[in-house]
1. From Cα pairs below 8 angstrom and at least 6 apart in sequence, can you work out the relative contact order of the chain, rounded to a whole percent?
2. With 5 Å bins from zero, work out the P(r) of the stretch 219-360 over every alpha carbon pair and list the percent per bin.
3. Just add up the charged neighbours of Gly371: K/R +1, D/E -1, any other residue whose Cβ is under 11 Å from the Cβ of Gly371.
4. What fraction of the Cα pairs in the chain, stated in percent, has a spacing above 36 angstrom?
5. Using the Cα centre of the chain as origin and beta-carbon charges of +1 (Lys, Arg) and -1 (Asp, Glu), tell me which of Thr381, Ser111, Gln150 is placed farthest towards the positive end of the dipole.
6. Using C-alpha positions alone, give me the convex hull volume of the stretch 217-260 per residue in cubic angstrom.
7. Over the Cα atoms of the stretch 45-94, how large are the radius of gyration and the largest Cα-Cα distance (Dmax), in Å?
8. Treating the beta-carbon of each Lys and Arg as +1 and of each Asp and Glu as -1, no other charges, what is the dipole magnitude of the chain about its Cα centre, to the nearest 20 debye?
Amino acid sequence: MLYSMNIRKQVNHMTQKLYYEDSHLAQFTARVLSCGQAGERYEVILDRTAFFPGGGGQDPDTGMIGDSRVLGAKERGEDVVHFTDAPVPVGETAVCRLDWMQRFRRMQSHSGEHILSGIIHQRFGYENVGFHMGGDMITVDYSGELTGEQIRELELACNLAVTENVPVKCWFPDPETLRAMEYRSKKELTGDVRIVTVEGYDTCACCAPHVSRTGEVGIIKLHTFARHRGGTRITMICGLDALDDYNARCANITAISGLLSAKPLETAQAAERMCRENEALKQKLAQANRKLTAVKIAELTEREGNLVLFEPDLDMVCLRELINAAMEKCTGIAAGFTGSDEAGYHYILGSRTVDLRANAKAINAAISGKGGGQKEMIQGTATADEATIRAYFEKG
């Protein structure tokens, strides 16, 4: 096998960009012009490619060139460089395959964003000033503010545009035609400009692959919106990604429905009711803890040295109240712990005679703890068991 260490041997070559000619091309053959190692990966140039190198807010494609995995791609001059995990024989004709479902989902998402941005521009004159296509959601920033009612109307309009199944045309108009056109663009463009037109809805400069008709986009769901830098930030999801999201949400609602013994569409009300009940129980528990703390404080007696208290039923507020009282009953450290050997402990230590801040490091080392505070009181967590903790403080 012959591998070239010269990344750019064909100096006069320009990669034929098949992704511009057919965005739905999932498999193709290409001649390998060069292959060179760059760190832990290889840089491969083909005479033609359907691997989109990224741009317009869309990530590069991945897939296979022969038996080598394509990890990504980028434009370098007139060529597209493919980054692979293994070398590819130079001069051979390789079968190349895109990770098609990934590409198709991205096209659905990107075309869905064009539909939304075009409608917003038509209705309100707002510009798309930021776009990020993440792994699970699309985030788009617009130059003006939108209300909740407007967002709902926009979502319906987008989905009606999908049902119309109008053509999505991607093309390079000649300079004269381009000058006469009105189209959206985030920046001034020179040279060849690729235009994506969603018939009746949008005309925008964009270098990314798109669907052929709006029907391919599937559902467009606008999830959240919020004010952002004087405009509006919208999160959205489209097509098969929207289906995955819907299935995940349904699974969660079904599980919650079973836990709350409520119908799936009544889980919010059931959760609100449970929160109210829990809050009432927390108030009752806090009242009981205060009474219990008062009893335990009354039972404290004066003693020499340290005083160790394990109170698994007390919260930190009540434990602090108990230690404040215990500090006056012992000549050493009043040490209070709540928790268990299995779950670990929260502690509060208080003393009128020992500088706890100065001794915190040694104490934490002895009880496998973390924490700190002031001279007279520190608090934190500990993972040592009760027997180890008692032994440490009782020996002092």
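1. Rounded, it is 10 percent for the chain.
2. Taking every Cα pair in the stretch 219-360, the percentages come to 2, 8, 11, 11, 10, 9, 8, 7, 8, 9, 8, 6, 3, 1, 0.
3. Computed value for this residue: +3.
4. 54 percent
5. Thr381
6. Each residue corresponds to 77 Å³ of Cα convex hull volume.
7. 10.6, 33
8. Here the size comes out at about 680 debye.
The values are calculated or read from the model by the stated rules, or taken from the named source; none is laboratory data. Only a predicted model underlies this, so the values are computations on that prediction, with no experimental measurement involved. When we count neighbours, we look across all protein chains shown, and the Cβ atoms used for this are built from the backbone with ideal geometry, even at glycine. With ligands, DNA and RNA removed, areas are computed over all heavy atoms of the protein, side chains included. Shrake-Rupley method; radii C 1.70, N 1.55, O 1.52, S 1.80 Å.
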